[in-house]
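For reference, the structure discussed in these notes is given below.
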Amino acid sequence: MRQISRFASLTVLALLSLACFCVAPCAYIGPVAPFLSTPMPTPAPAVVVETRIPDDTPTPADTPEDSSYGASGLGDSYYPLMGNGGYDVQHYDLAIVVDMEREHIDSVATIDALSTQNLARFNLDLWGFDIESVQVDGQDATFERDQGELSITPADSIPEGEPFTIVIIYSGKPGEGAPPGLLDLLEGWNFYEGGVLVAGEPGGADTWFPVNNHPLDKATYTFRVTVAEPYVVAANGVLEEEIANTDGTRTYVWVMDDPMASYLSTIAISNFERVDSTTKSGIPIRSYLDADIRREVEEPTTRIPEIIDYFETVFGPYPFDECGVVIHELDLGFALENQTLIVMGYQFVNEDVIVHELAHQWFGNSISLKSWQDIWLNEGFATYASTLWIEHTQGAQAAQAYMDMSYEYFKEIPEHAMVIIGDPGPDNLFDWAVYERGAFTLHALRLTVGDEAFFQILRTYADRYHDDNAGIVDFIALAEEISGQELDDLFQAWLYEQALPPMPEQ
Ligand code: ARG
Ligand code: ZN
């Protein structure tokens with residue numbers, strides 16, 4: 001496990017010095033990025049990477065053969081086939097009947113979209129399943145499949161700027177037919193003994209529903225999940241209805257009415273118990289804890305309201321209508337910040353992880369990435385939020401000691417193995433450097449522009465891009481605008497060069 005290997009490498013001295021400041025040392029001494037369990041750091045080839053602050057954000061690159069065909073990808077530099085062009089999904093309504101014994105689902109996906117061009121044909125992303133029918137605006141459509149691409153030809157071409165509705169009836173075992181790498185990493189929908197776990201980052205949503213699978217196309221969702229009693233279903237948003245059916249099944253209707261990136265959509269099924277609380281500002285917290293392990297895992301979840309209350313003072317209002325965690329009785333090597341319903345395995349539940357995933361609700365969820373290359377905007381920010389929480393709960397000195405220790409430890413990484421965090425590449429998306437050096441980058445910005453400008457930058461960023469997408473260039477422009485300083489050199493050194501810059505003087 002990542003935090004253990006790191007932990008083992010820390011000197012006794014470092015532990016002692018940290019323990020002097022930590023009221024709750026166990027929560028913190030496996031510092032930063034406890035959200036992953038891959039070995040760290042990931043060695044990168046010893047090449048000089050020539051990367052510069054990009055001039056512009058990527059534009060859709062895939063040019064289809066016919067101008068009335070929607071593109072099969074959105075031009076993401078890491079995942080060119082993720083997402084599709086030619087339309088903008090408004091709402092997904094997913095009615096899913098889950099057979100826990102057969103590990104099988106029967107689904108009807110109803111997708112409301114708006115065309116952004118004349119569409120004789122368009123694609124959705126979906127791996128596996130038998131598709132029984134596809135209709136567009138009530139008329140049968142023809143379709144073809146090629147790996148994760150589903151191409152749909154409606155009976156009549158859709159003019160630009162028109163709303164249209166796609167209904168797809170499909171069934172099968174989620175993930176069957178998907179490339180093996182995806183499910184090895186538990187990316188997507190996973191049946192396990194007594195439950196279902198869904199963790200989609202970055203691309204796993206297409207293992208369970210037809211989707212425009214890129215954060216650039218955010219949409220609202222309704223999940224209508226039917227499962228045999230006594231299973232309990234949690235999902236993003238609010239539980240609008242729970243229907244007891246006559247055949248011994250129950251249908252849970254969950255609604256996420258704020259725009260959401262597809263990778264953050266989630267369903268969780270198990271023998272959960274629901275636990276409710278509320279923040280000072282009145283945000284309802286509803287968490288779902290596996291009944292068998294509730295006693296072991298509940299304690300750190302009771303601090304969710306307090307953590308949100310604090311983040312509202314530094315980042316601005318909590319961006320959604322509710323929040324909570326779902327804790328599976330599963331040995332998961334990571335946690336995921338699913339919008340309003342953070343997913344966790346039982347052995348990964350501690351305050352630091354909860355703090356990190358809650359910070360993602362502002363940075364990563366409300367503000368979505370423009371491209372996966374911008375992952376620093378998610379992970380660096382959520383990791384730095386842990387330092388802010390230490391500063392709030394244990395004081396500035398403890399936070400400084402924590403930063404110093406992390407920086408000293410990080411310095412030991414050989415330069416050639418240093419991942420370029422402004423362009424880590426798809427294999428290093430969740431590399432420790434993106435988290436840790438990502439957090440240092442924000443600390444360096446804070447020391448450069450001063451506290452007042454720094455927190456103004458964070459709040460303005462959270463406000464200006466809420467329910468929207470941002471790229472690294474947008475953040476840099478905003479930081480320069482608010483601070484009135486030229487910051488290219490700072491971001492160039494921290495984000496786009498291998499050598500670890502010195503921390504600016506206090
Ligand atoms: N975004 C998650 C976090 O930092 C990490 C997700 C890792 N993804 C994965 N497929 N293992 O909290
Ligand atoms: Zn994270």
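The set of residues in region 205-230 that are closer than 24 Å to GLY148 by Cβ and among the aliphatic types (A, V, I, L, M) comprises ALA205, VAL211, LEU216, ALA219, VAL225.
Specify the residue that is farthest from PHE129 (Cα to Cα); the eligible residues are those in region 85-105 that are over 25 Å from the mean Cα position of the chain (by Cα) and not acidic (Asp, Glu). Step through it out loud before you land on a result.
So the first thing to find is which residues in region 85-105 are over 25 Å from the mean Cα position of the chain (by Cα), and the list is 97, 99-104.
Applying the additional criterion that residues be not acidic (Asp, Glu) yields 97, 100, 102, 104.
Values: VAL97: 14, MET100: 16, ARG102: 14, HIS104: 10 Å.
The selected residue is MET100.
Looking at (1) within 16 Å of ligand 2 (Cβ to nearest atom); (2) touching a helix residue (DSSP H, G or I) at 6+ places or on another chain (Cβ under 6 Å); (3) more than 23 Å from ILE472 (Cα to Cα), which one does GLU391 not meet, given that it meets all the others? Here GLU391 meets the rest and fails (1).
GLY200 falls short of the stated requirement of being at positive phi and either in contact with a strand residue (DSSP E or B) (Cβ under 9 Å, 6 or more places away or on another chain) or more than 16 Å from ligand 1 (Cβ to nearest atom) (or both). Residue pairs whose Cβ atoms lie under 7 Å apart, separated by 6 or more positions or on different chains, with the first residue in region 144-155 and more than 16 Å from ILE169 (Cβ to Cβ) and the second hydroxyl-bearing (Ser, Thr, Tyr) and surrounded by fewer than 17 Cβ atoms within 10 Å (Cβ to Cβ), are THR153/THR142. Residues of region 395-433 that are within 16 Å of ligand 1 (Cβ to nearest atom) and in a loop (DSSP other than H, G, I, E, B): VAL419, ILE421, PRO424, GLY425, LEU429, PHE430, ASP431.
Against the criterion of being within 12 Å of ligand 1 (Cβ to nearest atom), under 24 Å from GLY333 (Cβ atoms) and assigned to a helix (DSSP H, G or I), THR383 qualifies. For region 360-375, the count of residues that are over 23 Å from GLU240 (Cβ atoms), in contact with a strand residue (DSSP E or B) (Cβ under 6 Å, 6 or more places away or on another chain) and within 12 Å of ligand 1 (Cβ to nearest atom) is zero. Among the residues of region 321-341 satisfying the criterion of being farther than 20 Å from ASN271 by Cβ and part of a loop (DSSP other than H, G, I, E, B), which is nearest to ligand 2 (Cβ to nearest atom)? By that ranking, first place goes to GLU337.
List every residue pair whose Cβ atoms sit under 8 Å apart, with the two residues 6 or more apart in sequence or on different chains, where the first one lies in region 459-482 and is among the aliphatic types (A, V, I, L, M) and the second, anywhere, is at pLDDT below 95. What qualifies is ILE472/ILE53; ILE472/PRO54; VAL473/ILE53; VAL473/PRO54; VAL473/ASP55; VAL473/ASP56; VAL473/THR57; ILE476/ILE53. Applying a threshold of 7 Å to beta carbon distances and a minimum spacing of six or more residues, or different chains, the list of pairs starting in region 435-447 at a residue that is assigned to a helix (DSSP H, G or I) and ending at one that is within 16 Å of ligand 1 (Cβ to nearest atom) and aromatic (Phe, Trp, Tyr) reads GLY438/TRP376; ALA439/TYR384; LEU442/PHE381; LEU442/TYR384; HIS443/TYR384. Residues that are surrounded by fewer than 22 Cβ atoms within 10 Å (Cβ to Cβ), under 19 Å from GLY364 (Cα atoms) and among the small types (Gly, Ala, Ser) are absent from region 399-412. Per the listing SER270, SER371, the residue uniquely away from ligand 2 (no atom under 16 Å from the Cβ), at pLDDT 95 or above and within 15 Å of the chain's Cα centre (by Cα) is SER371.
When MET344 is tested against the conditions (1) out of contact with any Leu (no Cβ under 8 Å at 6 or more places or on another chain); (2) within 16 Å of ligand 1 (Cβ to nearest atom); (3) outside any helix (DSSP H, G or I), the lone failure is (1). How about region 464-506: which of its residues are assigned to a helix (DSSP H, G or I) and either among the β-branched types (Val, Ile, Thr) or at pLDDT below 95 (or both)? Hits for region 464-506 are ILE472, VAL473, ILE476, ILE482. In this structure, LEU478 does not qualify as buried (at least 21 other Cβ atoms within 10 Å of the Cβ) and either among the hydrophobic types (A, V, I, L, M, F, W, C) or under 20 Å from the mean Cα position of the chain (by Cα) (or both).
Taken over region 321-344, the criterion of being out of contact with any strand residue (DSSP E or B) (no Cβ under 6 Å at 6 or more places or on another chain) and either surrounded by 24 or more Cβ atoms within 10 Å (Cβ to Cβ) or under 19 Å from TRP189 (Cβ atoms) (or both) is satisfied by GLY333, PHE334, GLU337, ASN338. Can you spot a residue in region 349-368 that is surrounded by 23 or more Cβ atoms within 10 Å (Cβ to Cβ), on the phi > 0 side of the Ramachandran plot and outside any strand (DSSP E or B)? Among the residues of region 349-368, at least one is surrounded by 23 or more Cβ atoms within 10 Å (Cβ to Cβ), on the phi > 0 side of the Ramachandran plot and outside any strand (DSSP E or B), which makes the answer yes.
With respect to VAL49, determine if the residue is among the aliphatic types (A, V, I, L, M) and modelled with pLDDT under 95.
Numbers: among the aliphatic types (A, V, I, L, M): yes; modelled with pLDDT under 95: yes.
Considered against the rule, which asks whether it is among the aliphatic types (A, V, I, L, M) and modelled with pLDDT under 95, VAL49 comes out as yes.
The values are calculated or read from the model by the stated rules, or taken from the named source; none is laboratory data. Everything quoted here is computed from the prediction, not taken from an experiment. In this analysis, Cβ positions are derived from the backbone assuming ideal geometry, glycine residues included, and neighbour counts consider all displayed protein chains.
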